[in-house]
1. Does the stretch 4-22 include one or more residues that are of a type in the set (D, E), part of a loop (DSSP other than H, G, I, E, B) and over 13 Å from G89 (Cβ atoms)?
2. Could you tell me whether S221 is polar (S, T, N, Q) and surrounded by 15 or more Cβ atoms within 10 Å (Cβ to Cβ)?
3. Taking the stretch 60-98 only, how many residues are assigned to a loop (DSSP other than H, G, I, E, B) and either hydroxyl-bearing (S, T, Y) or surrounded by fewer than 18 Cβ atoms within 10 Å (Cβ to Cβ) (or both)?
4. Note down all Cβ pairs under 6 Å where the first residue falls in the stretch 176-199 and is in contact (Cβ under 8 Å) with a residue 40 or more places away in the chain and closer than 22 Å to Y241 by Cβ, the second is among the aromatic types (F, W, Y) and surrounded by fewer than 24 Cβ atoms within 10 Å (Cβ to Cβ), and they're at least six residues apart or on different chains.
5. Answer with yes or no whether D86 is within 27 Å of T147 (Cβ to Cβ), modelled with pLDDT of 90 or more and in contact with a strand residue (DSSP E or B) (Cβ under 6 Å, 6 or more places away or on another chain).
6. Just the residues that are among the aliphatic types (A, V, I, L, M) and either surrounded by fewer than 24 Cβ atoms within 10 Å (Cβ to Cβ) or at pLDDT below 75 (or both), please, taken from the stretch 20-36.
7. Is it true that E258 is part of a helix (DSSP H, G or I), among the acidic types (D, E) and touching a residue at least 12 places away in the same chain (Cβ under 8 Å)?
Amino acid sequence: MSIQIQDHLTAYEISKDTAFVIKDSSFISPSPALAYSMVFFMPPQDIVIIDTSYTPNNMEAVLKWIDEKFGKDKKITVINTHHHVDRLGGNKVLIDRNIDVYASKLIDELLDKKEDKVITGFKEIFLNTSQSQYLQFTPPNKSITLTQNVPYAFKIDTNPEAIYLLFPEHAHSEDKIVVLISDLKILFGGCMIFCLERKNLGYLNEGNMTQWKESYKNLISFIKNFPSIEYVIPGHPLPEYIDFSSKMLEYTNILIDEELARDKNLIQ
């Protein structure tokens, strides 16, 4: 079932009244850059958001929808999976509302080190779009120190063992993490995982292909502890293509191998 939140924002229900994937289609030119984030409810009081919408305005609309659907009394917690604008572009609205926004400590370091380059680069990518002027890179207000390839149990009041973060290794970016929600059997792979029908790995300017392969192996090793995973959420869908199946894991591995084969110098 899909729900239209507003123009360019659609929610897809993947677990009844509990888990929703949010598609932000604000930026579809000059090339499709649809982005997925996620909202899920852990009764009786916790709402967890994984990644934000592209812009503060869109994030405001998502929050309004959450308030209307779940009630304004819920405690909202947010996780940014890396430092790109499709993951934290809505942070300002969240922080202004005194919502805790968590991320790897690496995000702060990368934004401090590369802020001008990162922001300028993304605004150039979206230069021809009407909303590019609204892109904002607001750091999270809570930091987590993650150890590479060591699962981190993310504590929330309702269920302290339900959410795990993993920093598998440098892949799409050097701070990329994945999120597993064990109770809901969902893996939010984000920009490390790609939907079926994608032809390549997309934006690679900050990727490391050799480590991406190792990162993928680390991820697969990790999720073997949760064999009942039913849904996998990538970072970017294709237009009109909706699929949250675990087939994306193996398909991503194929795309990684194809990218490595394009540059034999990267093959060990």
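1. Yes, the conditions are met somewhere in the stretch 4-22.
2. Considered against the rule, which asks whether it is polar (S, T, N, Q) and surrounded by 15 or more Cβ atoms within 10 Å (Cβ to Cβ), S221 comes out as no.
3. The qualifying residues number 7.
4. Partner pairs satisfying both residue conditions: I186/Y231; L196/Y251; E197/Y241.
5. In short, no.
6. I28, A33, L34 - these are the residues of the stretch 20-36 that are among the aliphatic types (A, V, I, L, M) and either surrounded by fewer than 24 Cβ atoms within 10 Å (Cβ to Cβ) or at pLDDT below 75 (or both).
7. Against the criterion (part of a helix (DSSP H, G or I), among the acidic types (D, E) and touching a residue at least 12 places away in the same chain (Cβ under 8 Å)), E258 qualifies.
The values are calculated or read from the model by the stated rules, or taken from the named source; none is laboratory data. Quantities reported herein were computed from a predicted structural model and do not represent experimental measurements. All Cβ positions, even for glycine, are placed from backbone atoms using ideal geometry, and neighbour counts span all protein chains on display.
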